[in-house]
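The values are calculated or read from the model by the stated rules, or taken from the named source; none is laboratory data. Model, not experiment: these values are computed from the prediction. Cβ atoms come from the backbone with ideal geometry, glycine included; neighbour counts cover every protein chain shown. Accessible surface areas use protein heavy atoms only, side chains included; no ligands, DNA or RNA. Shrake-Rupley method; radii C 1.70, N 1.55, O 1.52, S 1.80 Å.
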Amino acid sequence: MQNPDCDQLTIGGCEVNSRLFLGTGKYSADRIIPSVVAAAGAQVVTVALRRVDFDSPQDNILTSIPKDCILMPNTSGARNAAEAARIARLARAAGCGDWIKIEVIADNRYLLPDNLETLKATEILAAEGFIVLPYMSPDLSIARRLAAAGAAAVMPLGAPIGSNRGLKTKELIKILIEEIDRPIIVDAGIGRPSEAAEAMELGAAAVLVNTAVASATDPVGMAEAFGLAVKAGRKAFLAGAGAVRNQACASSPLTGFLQE
Amino acid sequence: MSIYEKVTHYRDFDFPAFFSATGVGEVQSVLNKPRLTELDYLTLLSPAAAECLEAMAQQAHRLTIQHFGNTMLLFTPMYLANYCTNQCVYCGFNMKNELVRKKLSAAEIAAEGAAIARSGLRHLLILTGDSRHETPVSYIAAAAGILRKDFTCIGLEVYALTTAEYVELVAAGIDEMTMFQETYNEVAYAELHPAGPKRDYHFRLNAPERACQGGMRGVNVGALLGLDDWRRDAFFSGLHADYLQKKYPDVEISVSTPRMQPHAGGFPPKTIVGDKELVQYLLALRIYLPRSGITLSTREPALLRDALAKLGVTKMSAGVCTAVGGRLHAEETIETKDVGQFEISDERSVAEVADMLRRQGIQPVYKNWQVLAKKAQ
């Protein structure tokens, strides 16, 4: 069991003090993002580079990201590794730092990531010194290759982006948590705080949530709920939840007398 | 199967019989399905579905927020030229119409682009009439090169091109292509397009697919509602989008829903598509294609656009002028309004449209793409 007092998440050499990562798309107004981030207690915030208007430095989405956050630009819109790499370099050149969430999607019907192109982009960008967090369909072989290529964390999807359907890929994510020597961050699909807590109970290092908060009636209230759920799930994981059994296990065993 | 084969698959389909056999029960049953078939979509376009608009609206609104959030992408068109070699009977640019024909010079393109960019918009749609002689692909490519510095996404709405020409324009910096089939009814199409290169139904029908093959990031299709039976054209527009999205999953396919204004002068529409019908079409489209963009033009009046902003639409034009160089010669244009391709009904500026959206809790998005060409880095 891990020591709860030393429960520090470290990614790419950075100590991260919140295990809830937030996305910034789909909000009715960017100006509510600081309140959402504060309510969630989030530190890592992802922004689609394609949304950032660098020609309007006073009025683009980056001005809504609190200064003490770790900015994680993402490559939303990239259809292949080359486009993802170009977006990452543009982000770095624009002063967005070294973190990059790789998102390569060549399928507009399901918005599922292209794992092979994601791997290529990870290889390219990790070699260039980026802190690479690839978003991927949970697949053990690819996750191993991503880790070997230098990914700082691996971000499997729980369900298709924006679907709010929860941990549909739970069994595969469990395998990644067991086998991959990198933080596993569940990204996409989490629709409710209870599902975020479930991911954390499984041993995920963190979760990334966007649509579930942005599309809530009260995004700030929902952000707070997710923050609490992630903390609860992590505590439960650290506390060592009892094993799940197929049969009842009586607290007063019928065969207890045999020990006497 | 090609898109033409898909259209002809329904050539002998008895639409009236299907509609008379469709009741509210069938519509409700479709609304409970997780995934719709082509005929489910047709069910939502049926007269019976008009009785279920509120239920459809609730579902469409929920799907739009889920997939696109509380946002609306804004763009504006720029007419580069109005020379035309066609005789489309419903269009203001018809070659037989006596109007001042012009095309913008490089300096005018730069000036008009700069004027638009001051509004904050980064998505632009460039248009020409159908004249390969006056506005060849080289002219369009040069225009894109000029506009690239002010806009991160340039869409194209011109005459149908070959795949090689689309490749050339993608290399010149054009990201998206829009092509309206006008009507999918081949017989009506021939009557409406008596002369000119646009008369070739097949070349136009296959243009969006060639644009996908040519490397466009986004392709937008649609029919001009009112030219023929609107339910059929709405049906085939949806099928066309679905066909392209299945075959080209990496291209963002979207649909526009322009309609002829029932009371505008000139060519009378064959069928009147009322507000209720337009709403039904938008809702059916959103439910059938939950992730596809839906574009609403300024042909629609301001009050209706305000209401439609929450019913599945994801992209709106704003600050629109359909006259060539209209923003450079504003005073002139006011006096000669009829030089536009069609009469716009929503004349609000970008800022005014953005304010309207914000009041509805919708974030106007001015930029949603980033230039990736190496020269831009």
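How tilted is helix A:193-202 with respect to the longest principal axis of chain A? Cα atoms for both, answer in degrees (0 to 90, nearest 10). Its long axis makes an angle of about 70 degrees. The alpha-carbon atoms of region B:6-87 define a convex hull whose volume equals 192 cubic angstrom per residue.
Projecting the Cα atoms of A:25, A:131, A:102 onto the dipole axis of region A:4-239, where Lys and Arg carry +1 and Asp and Glu carry -1 at the beta carbon, places A:25 farthest toward the positive end. Calculated from the alpha-carbon coordinates, the protein assembly as shown shows an Rg and a Dmax of 26.4, 109 Å respectively.
Beyond 25 Å in Cα-Cα separation lie the following of the pairs B:102/B:198; A:168/B:247; B:246/B:367: A:168/B:247; B:246/B:367. When chain A is treated as a GNM with alpha-carbon contacts under 10 Å, the residue of A:202, A:133, A:157 showing the greatest mean-square fluctuation is A:202.
By the compact-protein rule of thumb, 2.2 N^0.38 Å, the alpha-carbon radius of gyration of chain B corresponds to a ratio of 0.94. I need the calculated FRET efficiency for the pair residue A:217 and residue B:37, taking r as the beta carbon distance and R₀ as 41 Å, to the nearest 0.05. Efficiency for this residue pair is about 0.80.
Show log10 I(q)/I(0) for region A:4-239 at q = 0.16 Å⁻¹, two decimals, from a solvent-free Debye sum over equal Cα scatterers. At q = 0.16 Å⁻¹ the computed log10 ratios are -1.11.
Each peptide in B:110-118, B:24-32, A:191-199 receives the mean, over its residues, of other Cβ atoms within 10 Å, and ordering these scores from highest gives A:191-199, B:110-118, B:24-32.
To check you understand DSSP bridge types, tell me what percent of the beta bridges within the protein assembly as shown (both residues inside) are antiparallel, rounded to 5.
10 percent
With the charge dipole of region A:4-239 set up from +1 on Lys and Arg Cβ and -1 on Asp and Glu Cβ about the Cα centre, the Cα lying farthest toward the positive end among the listed residues A:163, A:223, A:118 is that of A:163. For region B:192-304, the alpha carbon convex hull comes to 118 Å³ per residue, rounded to a whole number. The contact residues of region B:65-79, meaning those that lose at least 40 Å² of 1.4 Å-probe accessible area when all protein chains sit together rather than their chain alone, are B:66, B:70.
Cβ distances below 4.7 Å define possible disulfide partners, and in chain B the cysteines left without one are B:52, B:84, B:153, B:212, B:321. Each Cα pair under 8 Å and six or more residues apart adds its sequence gap; the mean of these over the residue count of chain B is a relative contact order of 22 percent. Given H placed on each backbone N at 1.01 Å, which residues far from residue A:136 in sequence or on other chains put an amide H within less than 5 Å of it? Under 5 Å from the amide H of residue A:136: A:155, A:157.
Charging the Cβ of each Asp and Glu at -1 and of each Lys and Arg at +1, and nothing else, the dipole of region A:4-239 about its Cα centre rounds to 280 debye.
Charge dipole of the protein assembly as shown (Cα centre as origin; +1 on each Lys and Arg Cβ, -1 on each Asp and Glu Cβ, all else neutral): 640 debye, rounded to the nearest 20.
Find the accessible area per residue for region A:4-239; the probe is 1.4 Å, ligands and nucleic acids are left out, and the unit is Å².
Per-residue accessible area for region A:4-239 comes out at 38 Å².
When chains B and A come together, the accessible area they lose, probed at 1.4 Å and totalled over both chains, is close to 2900 Å². How large, in percent, is the carbon and sulfur part of the accessible surface of the protein assembly as shown at a probe radius of 1.4 Å? That share works out to 52 percent. Restricting region B:119-195 to trypsin sites (Lys or Arg not before Pro) that sit in a DSSP loop and have at most 16 other Cβ atoms within 10 Å of their own Cβ leaves B:132, B:149.
Calculated from the alpha-carbon coordinates, region A:28-95 shows an Rg and a Dmax of 12.6, 37 Å respectively.
Considering only B:52, A:16, B:189, and ranking their Cα positions along the charge dipole of the protein assembly as shown that arises from unit charges at the beta-carbon of Lys, Arg, Asp and Glu, the one farthest toward the positive end is A:16.
Backbone phi angles across region A:21-31, fed through the Karplus curve with coefficients 6.51, -1.76 and 1.60 (θ = phi - 60°), yield HN-Hα couplings of 9, 10, x, 10, x, 6, 6, 6, 7, 5, 5 Hz in residue order; Gly and Pro are listed as x.
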